[in-house]
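Before I ask anything, let me first share the structure, which is written out below as structure tokens.
The values are calculated or read from the model by the stated rules, or taken from the named source; none is laboratory data. All values reported here derive from a predicted model rather than from experimental measurement. Counting neighbours? That spans all protein chains shown, and the Cβs are built from the backbone with ideal geometry, glycine included. Each accessible area value is taken on the protein alone, full model and side chains, heavy atoms only, with ligands, DNA and RNA left out. Shrake-Rupley method; radii C 1.70, N 1.55, O 1.52, S 1.80 Å.
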Amino acid sequence: MQETEVQLKTQTSKFLSQPFKLLIGGKWVESASGQTFPVFNPATGHTIAHVASGDSEDINRAVKAARSAFDSGPWSKLTVSERGRLIWKLADLLETHLEELAELESLDNGKPISVARVADVPLAVDLLRYMAGWATKIEGNTIPLSVPYTPDTQYFAYTVREPVGVVGQIIPWNFPLLMAAWKLGPALATGCTVVLKPAEQTPLSSLRLGELLCEAGFPDGVVNIVTGYGETAGAPLAAHPDVDKVAFTGSTEVGKLIVKAAAGNLKKVTLELGGKSPNIVFKDADLETAIAGAANSIFFNHGQCCAAGSRLYVEQAIFDQVVEGVAQKAKNIKVGPGLNPDTEMGPLVSDEQLDRVCGYLQSGFSEGAKAAVGGQRIESQGYFVEPTVLVNTKQTMKVVQEEIFGPVVTAMPFQQVDELIPFANDSVYGLAAGIWTNNLSKAHSLASKLRAGTVWINCYNVFDAALPFGGYKQSGWGREMGHDALELYTEVKAVCIQL
Ligand code: NAI
Ligand code: MG
């Protein structure tokens, strides 16, 4: 593994040299406490920036700004077309700054810049454009009524979809910019205002996004950005009595805290939480594609994906061949600092995640799992782990049941599809699943039996702004993307008039 310090583009160096503040009511302000916290480069462990540490007082200020922008600011008076154009303009700005944003994301999160360039930033641009188009298409219905049964009284009734109001959005570190876009897109398209809290590990692209939001011309207070820790900034946002909805992506553990915090004023809640997704390979699949797909499903973004294909189930007859194939792919992955142009897998995001993933590896080995490949931390200052395939695993092991959130897949053989289904569904999660087969009816029949929000057939990790994404069971509440996401940012008002 190479460990070179990469020269940053000048605009990134310049951006990083500033004292980072909070965006509240259209102004960049220091945190009320004056506190800051450090942000690390996961490839080296070095500090790259200091960021304002927001707490409940800052959340109060931000919610107030969002409330006033929602109730009486110019935002509430814009036409839906103007709103759509602003979102489109933001997408254009992201596209113009693609290279810079990809660099920032790679530096902050550790992911390969080559991936940020073709996935994170363009998907964020796409999502914003998709949602910009929806701004003019949030429609209600006219509803024929049957009451009051007297022929001479007539009613006319219709529904309108109105913005839910002030929304708190708490996002994770695995796709920092993209998660911000997934959250902001539907909120802005429906006319909500937002307080966004980025993950403490990766606040930088959200702060750059804040600058671009100002440049695009969003009115003051429409999007407020409060950087800070989960307990001190996230928790007061989730509990705030003047927030109408909280949208969260992160761990299932914190998702449950969000639900409790939201109970105070019964704010609406959407949650996109963990996963332990089964990826199922049949012997009638195109094996070359299936092996590449199985490797990609777990190693993409270093396994730090809620939808990662982390449980590989392979039909017995081809088990060895598939495990060997995936192990070979793992061996060939170029691991290194994300900013190296030829890096294919970077470090994990933080020392905390490194400890967590290594802890799971130890737990697997102590329960009898074996590594077909990988299984170790890569010695370096950064937070690197070898891409790993675990065999000799049992369904009850922690490594098969719990979300590892690292480049670690467990592989298990199966004989019959009927015997497989209960294993595939044996998880508290239900986010995604993969099926690899050339038998169409088998694919669709199995897809209907898997308790998962997304089923990919002969593909994996296909994300599209139009395709709803979210989880069954403890993987969450509600959906992101597609028109399903928009509904969750609106209230339905029924209006009824006697004619
Ligand atoms: P986390 O759930 O603690 O963090 C996600 C976001 O929630 C961050 O912005 C954080 O500041 C905030 N947060 C933390 N505690 C909070 C609280 N009490 N109230 C309100 N907001 C709070 O996730 P963490 O600790 O970074 O990662 C732990 C595990 O969570 C990972 O190993 C992985 O299994 C899972 N995870 C899942 C993600 C997904 O995409 N579904 C993303 C990130 C983590
Ligand atoms: Mg946490």
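Normalised by the residues of the stretch 172-235, what does the relative contact order come to in percent, with Cα pairs under 8 Å and at least six apart? Please list the in-between numbers first.
Values: 68 pairs, mean separation 24.5, N = 64.
Across the stretch 172-235, relative contact order equals 38 percent.
For a protection proxy built on the mean count of beta-carbon atoms within 10 angstrom, sort 117-123, 140-146, 372-378, 342-348 highest first, please.
Order by mean packing, descending: 342-348, 117-123, 372-378, 140-146.
For helix 121-134, what angle does its Cα long axis make with the longest principal axis of the chain, in degrees from 0 to 90 and rounded to 10?
With both axes taken from Cα atoms, the answer is about 30 degrees.
Just to confirm, what accessible area per residue do you get for the stretch 367-471 at 1.4 Å probe, in whole Å²?
42 Å²
Modelled label-to-label distance, Asp320 and Ile143, 7 Å Cα→beta-carbon offset: nm?
With each label placed 7 Å out from Cα toward Cβ, I get 6.4 nm.
Let me ask something else about it. Restricting to the chain, compute how many DSSP beta bridges are antiparallel as a %, nearest 5. Please list the in-between numbers first.
Values: 29 of 67 bridges.
Antiparallel: roughly 45 percent of the beta bridges in the chain.
Between beta-carbons, use under 11 Å as the cut-off and find the net charge around Leu207, counting Lys and Arg +1, Asp and Glu -1.
Computed value for this residue: 0.
A further question on this structure: Between Ala447 and Gln35, what is the label-to-label distance in nm when each label sits 7 Å out along the Cα-to-Cβ direction?
The modelled label-to-label distance comes out at 4.9 nm.
Also, I was wondering about something else. Could you rank the peptides 210-218, 296-304 by their average count of other C-beta atoms within 10 Å per residue, with the highest value first?
Per-residue mean Cβ counts within 10 Å order the peptides as 296-304, 210-218.
How much net charge surrounds Leu16 when only other residues with a Cβ under 12 Å from its Cβ are counted (Lys, Arg +1; Asp, Glu -1)?
0
Per the helix-only calculation at 222 nm, which mean residue ellipticity applies to the chain, given -39500 (n - 2.57) for every DSSP H run of n ≥ 4 and division by its residues, nearest 500 deg cm²/dmol? Intermediate results must be reported in sequence, preceding the final value.
Numbers: 16 runs with 181 residues, N = 499.
One gets -11000 deg cm²/dmol as the mean residue ellipticity at 222 nm.
Over the chain, with every protein chain in place, what whole percent of the accessible area is carbon and sulfur at 1.4 Å, could you tell me?
Working: 10620 of 20130 Å².
The nonpolar share, carbon plus sulfur, comes to 53 percent.
Relative contact order, percent, of the stretch 278-464 when contacts are C-alpha pairs under 8 Å separated by at least 6 residues?
28 percent
Further question: Can you grab the distance from the C-alpha centre of the stretch 40-107 to the C-alpha centre of the stretch 149-223, Å, no decimals?
Cα centres, the stretch 40-107 to the stretch 149-223: 11 Å.
Tally Lys/Arg at +1 and Asp/Glu at -1 over every other residue whose Cβ is under 13 Å from the Cβ of Gln416; what's the total?
Around Gln416, the surrounding residues sum to -1.
Answer rounded, prolate or oblate for the chain, using the Cα gyration tensor with square roots of eigenvalues a ≥ b ≥ c: rounded when a/c is under 1.5, else prolate when a/b is larger than b/c, else oblate.
In terms of gyration-tensor shape, oblate.
In Å, the Kirkwood hydrodynamic radius of the stretch 278-464 over pairs of distinct alpha carbons?
Numbers: mean 1/r = 0.0610 Å⁻¹.
The answer is 16.4 Å.
To the nearest 10 square angstrom, how much accessible area does Asp126 have with a 1.4 angstrom probe?
About 80 Å², rounded to the nearest 10.
Give me the number: length gained by fully extending Glu162 to Phe423, i.e. 0.36 nm times residue separation minus the C-alpha to C-alpha distance, one decimal in nm.
Values: separation 261, 0.36 × 261 = 93.96 nm, distance 4.27 nm.
Full-extension gain reported as 89.7 nm.
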